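Notes follow once the structure below has been shown.
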Amino acid sequence: MSLRKETTIKLIRSTCVRVAAGAMFYSGALNLLRRAQYRRVTGDREGKAQVYPFAVLLYHRVNPDNDPFFPATSVKVFDAQMRYLAENYRVVALADIIKGIRQGLGVAPGTIAVTFDDGYRDNYVYAHPILRKYDLPATLFAATSYIGTDKLMWNDKLAMAMKLTTEQSISLPGVARASSLTSVPEKLSVLEQIIEQLKTLPEPEKQDWVERIVRRLLSKTMKVEPVMLSWAELRRLAHEGWEVGSHTTNHVILTRVPLADAKEEISSSSAVLQQKLDRPVELFAYPNGKSGDYDLSIQKFLADSGYIGAVTTDDRLNAQDADLFAIGRKSPWEKSVPHFAWKLQWSYWRHSSPSATQRDSESGIKPVTAAVNRPSTAADRTTTSK
Ligand SMILES: [Zn+2]
């Protein structure tokens, strides 16, 4: 099939989904179906502790900038999504969901949690007032070495350099094809290519490439406004009810560094959060968060260090047999509420059979089925993939 034909089919399909979602949403049919589903799945199990499927939403930036180099959920869309959740779902803090499972109390139907990764300042400026307005809890996973600094995360550093560069083309053998940089779409396409390629490299090699590419794109040093939270802002969020979890110290992909370094990334970020926020750190988010970005030794280390659960970026709901150290999350990029509502409800429908709560095994660790690709030799490292 030609690319053009494929694109047209995709466009028609997504338009049909949007139209159908709108019709279901505005006619009230979506709500009726959801209630009917809850009645069906709860049925005679009412009163017994069950773990019903729960979703965990993953956000990064929330702001009104509409900057293609730094994708964000717009403030308007975020407000509409939170309002919809407040009216139609049971929004619960992630740690409370996990504790409910561990203590055999179950998870109620329609439960959902809201999380943010990395620690962007706009979470405090824009998302926090909206969550407060609807009285919704949230969890933020901070990469601690960036908090309170004007440092940019590696992907943001590349995005900023690509946005500002006046170079007309770039050629990076081994990383990106020779490409023109004369328009925003061209720049975005090369940026994505570079980021995906660098994610597969061991951490030092990746950092080295980032610096080389930035130097290639910009002749002067970048001067940027801080985009990450200050410690005072993070403390205020914590005092106003946000859970704060660890997302490592330097946002390294944990299977791209030796295990000892991965453990140090976890311990040092947890220690600084406990010291600065004066509260225990119970939750963890794996940087990048795909199945090859963590392994059983890391999961075990988290459990032994007192964490009660960890989240991934695997796009799925969590059912009664959920591995609490590999919780799936959904990234809601849908701009229209009907589309958002439909996709969310569809995910719950697909996981609608409950079963009795079972306590976790002693360690709380269950095997990760996905392939693990921690590099063991320098030669291996170059062949690892996401
Ligand atoms: Zn992250």
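Might you check whether a residue that is assigned to a strand (DSSP E or B), within 16 Å of the ligand (Cβ to nearest atom) and of a type in the set (Ser, Thr, Tyr) occurs anywhere in segment 175-189? Talk me through it step by step, then tell me what you get.
Quick first cut of segment 175-189, residues assigned to a strand (DSSP E or B) only: 176-180.
Okay, now just the ones that are also within 16 Å of the ligand (Cβ to nearest atom), so none.
Scanning segment 175-189, I find no residue that is assigned to a strand (DSSP E or B), within 16 Å of the ligand (Cβ to nearest atom) and of a type in the set (Ser, Thr, Tyr), so the answer is no.
Hey, can you tell me all the residues within segment 316-334 that are in a loop (DSSP other than H, G, I, E, B) and modelled with pLDDT of 90 or more? It would help to see each step written out before you state the result.
So in segment 316-334, the residues in a loop (DSSP other than H, G, I, E, B) come out as 316-317, 319-326, 328-329, 331-334.
Across segment 316-334, the qualifying residues are Arg316, Leu317, Asp323, Leu324, Phe325, Ala326, Gly328, Arg329, Ser331, Pro332.
Inside segment 214-260, can you point out the residues that are in the same structural domain as Phe284 (by TED's automatic domain parsing), surrounded by fewer than 14 Cβ atoms within 10 Å (Cβ to Cβ) and part of a helix (DSSP H, G or I)?
Ala232, His239, Ala260
Given the structure, is Leu105 in the same structural domain as Ser267 (by TED's automatic domain parsing), farther than 25 Å from Ser336 by Cα, surrounded by fewer than 24 Cβ atoms within 10 Å (Cβ to Cβ) and aliphatic (A, V, I, L, M)?
Details: in the same structural domain as Ser267 (by TED's automatic domain parsing): yes; farther than 25 Å from Ser336 by Cα: yes; surrounded by fewer than 24 Cβ atoms within 10 Å (Cβ to Cβ): yes; aliphatic (A, V, I, L, M): yes.
For Leu105, the condition - in the same structural domain as Ser267 (by TED's automatic domain parsing), farther than 25 Å from Ser336 by Cα, surrounded by fewer than 24 Cβ atoms within 10 Å (Cβ to Cβ) and aliphatic (A, V, I, L, M) - is met.
Can you tell me which condition Lys300 does not meet? The list is (1) assigned to a loop (DSSP other than H, G, I, E, B); (2) over 20 Å from Gly110 (Cα atoms); (3) basic (Lys, Arg), and all the others hold.
(1)
Checking Asp65 against (1) closer than 20 Å to Gly289 by Cα; (2) of a type in the set (Asp, Glu); (3) surrounded by fewer than 21 Cβ atoms within 10 Å (Cβ to Cβ), which test does it fail?
(1)
Which one of these does Asp278 not meet: (1) within 15 Å of the ligand (Cβ to nearest atom); (2) without any contact (Cβ under 8 Å) to a residue 12 or more places away in the chain?
(1)
List the strands (runs of 3 or more DSSP E) that sit entirely inside segment 47-163 and contain at least 1 residues that are of a type in the set (D, E, K, R).
Numbers: elements: 55-59, 111-118, 139-142.
Strands (runs of 3 or more DSSP E) meeting the threshold: 111-118.
The values are calculated or read from the model by the stated rules, or taken from the named source; none is laboratory data. No experiment lies behind these values; they were computed from the predicted model shown. Note that each Cβ is placed from the backbone with ideal geometry, even for glycine, and that neighbours are counted across all protein chains shown.
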